[in-house]
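A.B. asks: Have a look at this one before I ask anything.
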Amino acid sequence: MSLKLKAVTEPADPNPIGSAVKRETVDLGNGSDIVYIRRFLPSNQAWTWFHYLDKEIPWTRPTLRVFGRSCVQPRDTCYVASPGLPDLIYSGYQPPAYSWDDFPPLKEILDAVHKALPGSSFNSLLLNRYKGGNDYVGWHSDDEKLYGLTPEIASVSFGCEREFFLKKRPKGRKHVEEPASKRLKMSDHAAQHSFTLKHGSLLVMRGNTQRDWIHSVPKRAKVEAARINLTFRHVL
Ligand SMILES: O=C(O)CCC(=O)C(=O)O
Ligand SMILES: [Fe+2]
């Protein structure tokens, strides 16, 4: 009887988290760039996390002050940060900072992001939930001082895909979040980029992007399903 040796290989995980999956880089010029990884998380894993976040995160819809007027933020939000960091305040609102320990899956997602972006060290997270197509984020940049001059912001998307637009920051205008119009004017097209943020994708804004560009996720009348977005940031 001859013994045949058979090489036994574990069935390979087709997409281990944080592994080398295809990434696209868009050079916006002047030291700004975007990295987009469409298949960052395996779809099943991303759905498990979507349902966890949808249910377990203490979502709130705060009242903001924009141009001296009060308005309800057009999406749900929550904030998580490491202990001892300065408070985040935007549009007159200071979100309470929850702990990473309160939501263990967030630490797993953070680990995956760190693996995909060697050298990064995020210590805070702003979560957004868009319940349907009426929820949006208006044109803004995340240029709060506590992130420093060239912040890296890593954005992970779950659930319904939505469009993410970037356009050059209008000259001489200080940023304040303003409603995102449905369509960009033709004259704006040269200095704009758009990405369809897929379920399980990772988009990273780097370099001077917050200084020179503004971004938005506009309303979409036909969209009914929810989307959850996590933006990881480093507070100095
Ligand atoms: O939902 C998104 O993809 C973007 C969210 C965003 O820009 C922000 O939280 O600052
Ligand atoms: Fe933003």
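A.B. asks: Pick from segment 115-142 the residues that are within 8 Å of ligand 1 (Cβ to nearest atom) and in contact with a Lys or Arg (Cβ under 9 Å, 6 or more places away or on another chain): which of them is farthest from residue 205 (Cα to Cα)?
C.D. replies: Result: 130.
A.B. asks: Can you report the number of residues in segment 148-159 which are in contact with a His (Cβ under 7 Å, 6 or more places away or on another chain) and either under 22 Å from residue 85 (Cα atoms) or within 10 Å of ligand 2 (Cβ to nearest atom) (or both)?
C.D. replies: Qualifying residue count for the region: 2.
A.B. asks: In segment 144-165, which residue that is in contact with a strand residue (DSSP E or B) (Cβ under 6 Å, 6 or more places away or on another chain) and without any contact (Cβ under 8 Å) to a residue 60 or more places away in the chain is nearest to ligand 1 (Cβ to nearest atom)?
C.D. replies: 164
A.B. asks: How many of the residues making up segment 189-221 are within 15 Å of ligand 2 (Cβ to nearest atom), under 21 Å from residue 116 (Cβ atoms) and among the charged types (D, E, K, R)?
C.D. replies: Total meeting the criteria: 1.
A.B. asks: Name the pairs whose Cβ atoms lie under 7 Å apart, with the first residue in segment 60-75 and at pLDDT 95 or above and within 16 Å of ligand 2 (Cβ to nearest atom), the second outside any loop (DSSP other than H, G, I, E, B) and among the charged types (D, E, K, R), and 6 or more positions between them or separate chains?
C.D. replies: Matching pairs, first to second residue: 75/129.
A.B. asks: Can you give me the number of residues within segment 147-170 that are more than 16 Å from residue 223 (Cα to Cα) and modelled with pLDDT of 95 or more?
C.D. replies: Final tally of qualifying residues: 14.
A.B. asks: The conditions are (1) surrounded by 11 or more Cβ atoms within 10 Å (Cβ to Cβ); (2) modelled with pLDDT under 95, and residue 56 fails exactly one of them. Which is it?
C.D. replies: Here residue 56 clears every test but (2).
A.B. asks: Restricting attention to segment 122-135, does a residue exist that is away from ligand 2 (no atom under 14 Å from the Cβ) and modelled with pLDDT under 95?
C.D. replies: No; the residues of segment 122-135 include none that is away from ligand 2 (no atom under 14 Å from the Cβ) and modelled with pLDDT under 95.
A.B. asks: Sticking with this one: For segment 201-220, which residues satisfy the criterion of being more than 10 Å from ligand 1 (Cβ to nearest atom), farther than 18 Å from residue 73 by Cα and more than 11 Å from the chain's Cα centre (by Cα)?
C.D. replies: Result: 206, 207, 208, 209, 211, 212, 213.
A.B. asks: If you take the residues of segment 58-85 that are touching a Lys or Arg at 6+ places or on another chain (Cβ under 9 Å) and not in a strand (DSSP E or B), which of them is nearest to ligand 1 (Cβ to nearest atom)?
C.D. replies: It comes out as 75.
Conditions (1) under 17 Å from residue 197 (Cα atoms); (2) among the β-branched types (Val, Ile, Thr); (3) out of contact with any helix residue (DSSP H, G or I) (no Cβ under 6 Å at 6 or more places or on another chain), marked per residue:
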site	(1), (2), (3)
117	no, no, yes
121	no, no, yes
125	no, no, yes
140	no, no, yes
143	no, no, no
149	no, no, yes
155	yes, no, yes
161	yes, no, yes
164	yes, no, yes
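A.B. asks: Looking at 72, 113, 137, 80, which one is crowded, with 17+ Cβ neighbours inside 10 Å and farther than 19 Å from residue 234 by Cβ?
C.D. replies: Checking each option against the conditions leaves just 137.
A.B. asks: Within the bounds of segment 187-204, is there any residue that is part of a loop (DSSP other than H, G, I, E, B), closer than 28 Å to residue 80 by Cβ and at pLDDT below 95?
C.D. replies: no
The values are calculated or read from the model by the stated rules, or taken from the named source; none is laboratory data. Because the structure is predicted, anything quoted here is derived from the model rather than measured. Here Cβ is always computed from backbone atoms with ideal geometry, including for glycine, and neighbour counts include all displayed protein chains.
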